[in-house]
Amino acid sequence: MKKICLILACVFSMLAPACANQFVNLTPLPKQMTVGEGQFRFSKSYTVGAALLPDSLQAEAVRFMDVIQETTGCKGKLSKSKKADIRMTVDKSIAYEGYRLSVTKKNVNISASSARGFFYAFQTLKKIMPANVMAELSVVDAQKVLPWFKTTKRPEIPCVEIDDEPRFWYRGFMLDCGRHFFTVDEIKHILDGLAIYKFNYFHWHLTEDQGWRFEVKKYPRLTTVGSVAPDCRMTDMKKGHYWLGKPYGPYFYTQEQCREIVDYARNLHIEVIPEIDMPGHIMAALAAYPEFSCNPEGEHKVQTFQGGVWSDVLNVGDPKAVQFARDVLTEVMDVFPGQYVHIGGDECPTSAWEGNAMCQEHLANLVKEGKVKDLGQDSKHRFRPLQSYFITQMYDHIKARGRKMILWNESVTAAGADLDLIKSTGATIFCWNPCQQGAAIAASLGLDAVISEWGPGCYYINRKQHDGEGEPVAAGNGGKNDQLPAVYAYKPVPDKVTNPEWKKHYVGVQATFWTEHVSDIKYCDYLAFPRLLAVAEAAWSPEEKKNFEDFRTRFTADTVLFDLTGRLYGKHFIAK
Ligand code: ACM
């Protein structure tokens with residue numbers, strides 16, 4: 001009941017007469033915002049001064065006008081006039097992703113230097129309007145979901161002055177579609193959510209021990225065999241874990257579907273980063289092509305159990321297996337046009353290599369040729385440099401196509417990793433565990449680091465979000481470190497990082513979502529919201545502006561948007 005009162009207060013504050021204290025519901029907080037008095041009111045037909053702008057900028061205006069028409073009935077028209085109701089000015093002095101916005105009672109002025117900047121300005125405008133606009137629902141349709149939902153007769157935007165740009169250029173979300181599969185429509189639903197909160201990268205974890213989800217034309221068994229698990233542990237939010245009791249799959253994305261996702265994301269200014277995890281977490285591929293394992297005669301199966309790390313890894317000492325990895329990346333790069341390719345590199349035991357004659361010989365040769373460091377016969381990590389060397393082989397392939405490589409932090413934190421080799425790749429290091437140690441090593445090597453802390457102040461937002469009774473089963477125990485206030489308070493760049501040469505390599509943050517314990521989109525939403533918003537604010541807003549109580553008021557107001565877009569969410573920290 002209290003929650004409803006607060007939400008009604010937020011909604012009615014938008015209906016209230018002009019007052020400088022009007023509530024402007026914007027997450028992530030902008031760099032600077034001054035709230036004025038009154039509102040800009042759309043008339044039934046209005047103009048947007050984009051007719052003389054380049055097509056890419058006009059396209060942003062048209063997408064905005066389409067949403068306004070669909071949700072409010074007000075019809076926009078492109079105009080050449082400098083006196084349009086909504087004015088767009090290209091200002092090259094504004095940062096690439098930044099924008100300036102001035103909403104007065106008479107008109108709306110937007111300045112930006114790029115389509116991306118205009119896109120974020122329009123996202124902001126939609127976000128500070130009644131929630132049905134961002135939800136892309138007419139008022140009538142919104143009332144079918146929330147019968148009490150109301151807006152003013154003439155849709156309006158509160159008067160504000162905003163000067164905005166993000167704190168970090170990398171603002172990501174990762175979804176593990178290997179352990180459980182999510183449909184194309186579900187991925188689009190996730191992308192819509194990311195765009196509301198100004199995320200700009202979707203890291204798509206496409207392969208796992210439990211399933212290979214990316215169609216590779218040269219190796220069809222990857223999907224005919226590798227995308228089917230003999231059984232699967234599912235999770236029901238009420239009943240907990242249960243076994244499916246039948247094969248899970250075939251579930252994979254065709255190359256055409258991947259392109260569809262890329263296009264959809266592009267309109268939302270989100271780049272899709274495909275991840276093909278190698279040389280570990282690759283059992284689904286080895287079930288399809290055992291010849292690329294260290295033990296081709298042995299049994300290789302798509303894993304059914306959802307957690308864990310297995311020693312059945314790619315045979316990096318076999319040139320045919322290395323070529324297989326290259327071939328897969330070739331098709332990945334054909335399908336995904338973005339700058340980055342993530343090749344995993346996490347949690348890869350070396351025991352299979354230790355027992356394999358090809359890997360033994362490969363290591364001996366590399367050491368003899370001075371291509372990797374010799375850790376000595378007595379070192380229990382002496383095979384780890386094989387992984388570093390394999391990474392350089394994949395890097396050569398990725399670089400030859402003008403792309404950049406991403407690795408998990410084990411590439412620099414695993415004992416025995418050859419840091420000179422990793423440094424030579426210029427890879428971006430995604431840091432999870434030990435997160436800050438990984439970031440510090442990356443920065444010291446001159447490599448960029450993205451922070452996705454799995455531990456305290458957890459950015460692994462698939463973990464249990466609370467320890468209260470009745471909380472559905474998930475990873476972790478939902479203790480304080482996983483709860484919303486800790487996620488919000490977490491500092492991705494710790495105060496102790498003062499060296500500017502190192503600091504500049506902390507380029508962003510990422511919310512990461514593993515699906516060991518999540519088999520459907522509803523539960524995914526439930527765990528992600530509202531912690532995703534806390535990560536969004538870390539990614540975009542100036543650190544000194546952050547305030548949990550203020551954030552709490554805003555995400556509480558956003559529960560209307562969650563409801564309208566059919567998202568479940570955690571209610572533990574809603575404002576009373
Ligand atoms: C990871 O969580 N294994 C990157």
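Across the alpha-carbon atoms of region 448-532, the computed radius of gyration and Dmax are 14.2, 47 angstrom. Computed on the Cα atoms alone, the convex hull of region 469-576 gives a volume of 130 cubic angstrom per residue. Protection proxy ranking of 188-198, 489-499, 35-45, by the mean of other Cβ atoms within 10 Å over each peptide's residues and highest first, is 188-198, 35-45, 489-499. Ranked by the mean number of other Cβ atoms within 10 Å per residue, highest first, peptides 527-536, 261-270 order as 527-536, 261-270.
Arranged from highest to lowest average of other beta-carbon atoms within 10 Å per residue, in what order do the peptides 289-299, 233-243, 390-400 appear?
390-400, 289-299, 233-243
Here, region 347-406 yields an orientationally averaged convex hull projection of 4.8 nm² when only Cα atoms define the hull. List residues of region 176-218, by number, whose backbone nitrogen lies under 16 Å from a label position 7 Å along Cα→C-beta of Gln393. Inside the label zone: nothing.
For q values of 0.13, 0.18, 0.20 Å⁻¹, compute log₁₀ I(q)/I(0) with the Debye formula on a Cα-only model of region 129-240, without solvent. Debye curve over Cα of region 129-240, log10 I(q)/I(0) at q = 0.13, 0.18, 0.20 Å⁻¹: -0.80, -1.06, -1.14.
Take the residue pairs Lys504/Lys576; Lys320/Lys399; Lys144/Lys571; Lys217/Lys423; Lys106/Lys576 and return only those whose Cα atoms are more than 31 Å apart. Beyond 31 Å between Cα atoms: Lys504/Lys576; Lys217/Lys423; Lys106/Lys576. Relative to its residue count, region 515-576 spans a Cα convex hull of 91 Å³ per residue. Each 5 Å bin from zero holds the following percent of Cα-Cα pairs in region 304-368: 4, 14, 18, 20, 18, 15, 8, 3, 0.
The separation of region 300-327 from region 502-528, counted between C-alpha centres, amounts to 24 Å. Pairs of Cα atoms nearer than 8 Å and 6+ residues apart set the relative contact order; for region 33-190 it is 28 percent. Aspartates and glutamates near Lys153 by alpha-carbon distance under 18 Å, same-chain residues fewer than 8 away left out - which ones? Straight-line reach from Lys153, under 18 Å: Glu70, Glu136, Asp141. Contact order for region 361-495, expressed relative to its length and based on alpha carbon pairs under 8 Å spaced 6+ residues apart, stands at 15 percent. With respect to the chain, whose longest principal axis is taken over its alpha-carbon atoms, helix 384-400 is tilted by about 50°.
Based on alpha-carbon atoms only, what is the radius of gyration of region 121-183 relative to the globular estimate 2.2 N^0.38 Å?
Relative to the rule-of-thumb radius for its length, region 121-183 sits at 1.59.
Bridgeable lysines around Lys545 (alpha carbons under 16 Å apart, same-chain partners fewer than 8 residues away excluded): Lys31, Lys491. Residues whose amide H lies under 5 Å from that of Asp277, counting only those 5 or more places away or on a different chain, are Leu206, Thr207; hydrogens are built 1.01 Å from N in the peptide plane. Distance from the alpha carbon centroid of region 536-576 to that of region 437-488 works out to 18 angstrom. Cα extents for region 177-308 along the principal axes, largest to smallest and rounded to whole angstrom: 49, 40, 22.
Suppose R0 equals 51 Å; then what is the FRET efficiency for Ala357 and Tyr242 from their Cβ-Cβ distance, rounded to the nearest 0.05? About 0.75, to the nearest 0.05.
Out of every Cα pair in the chain, what percent are spaced more than 42 Å from each other?
24
Across the alpha-carbon atoms of region 336-480, the computed radius of gyration and Dmax are 17.8, 60 angstrom. Couplings for region 273-282, taken from phi via the Karplus curve 6.51 cos²θ - 1.76 cosθ + 1.60 with θ = phi - 60°, read 10, x, 10, 10, 6, 7, x, x, 6, 10 Hz in order; Gly and Pro are left as x.
How far is helix 357-368 tilted off the main Cα axis of the chain, in degrees rounded to 10, range 0 to 90? Here the helix axis deviates by roughly 80 degrees. Note on region 259-324: Rg/Rh from Cα positions, Kirkwood definition for Rh, rounded to two decimals, is 1.14. Estimated at 0.36 nm per residue, the fully extended path between Gln143 and Glu543 surpasses their Cα-Cα distance by 140.3 nm. Suppose we keep just the DSSP beta bridges with both residues in the chain; what percent of those would be antiparallel, to 5? Percent antiparallel among DSSP bridges in the chain is about 35.
In deg cm²/dmol, rounded to 500, what helix-only [θ] at 222 nm does the chain give when every DSSP H run of at least 4 residues adds -39500 (n - 2.57) and the total is split over its residues? Intermediate values should be presented prior to the final figure.
Values: 21 runs with 208 residues, N = 576.
Computed ellipticity for the chain at 222 nm equals -10500 deg cm²/dmol.
Sorted from greatest to least, the principal axis extents spanned by the alpha carbons of region 471-519 come out as 43, 21, 12 Å. Can you give me the relative contact order of the chain as a percent, contacts being Cα pairs under 8 Å and 6 or more apart? Reported as a whole number, the value is 14 percent. Treating only the Cα positions of region 63-207 as identical point scatterers, give the base-10 log of I(q)/I(0) from the Debye formula at each q in 0.11, 0.17 Å⁻¹. Debye intensities relative to I(0), on a log10 scale: -0.51, -1.07. Derived scalar couplings between HN and Hα for region 253-269 equal 9, 5, 4, 5, 5, 4, 5, 4, 5, 4, 5, 4, 5, 4, 4, 9, 6 Hz in order, rounded to whole Hz, by the Karplus curve 6.51 cos²θ - 1.76 cosθ + 1.60 (θ = phi - 60°), x for Gly and Pro.
The C-alpha atoms of the chain define a longest principal axis, and helix 319-335 lies at about 10 degrees to it.
Taken along its principal axes, the alpha carbon cloud of region 368-451 reaches lengths of 35, 31, 16 Å, longest axis first.
Since every read-out is calculated from the coordinates, none of them should be taken as a lab result. As the structure is a computational prediction, the values presented were derived from the model and not from experiment. Cβ atoms come from the backbone with ideal geometry, glycine included; neighbour counts cover every protein chain shown.
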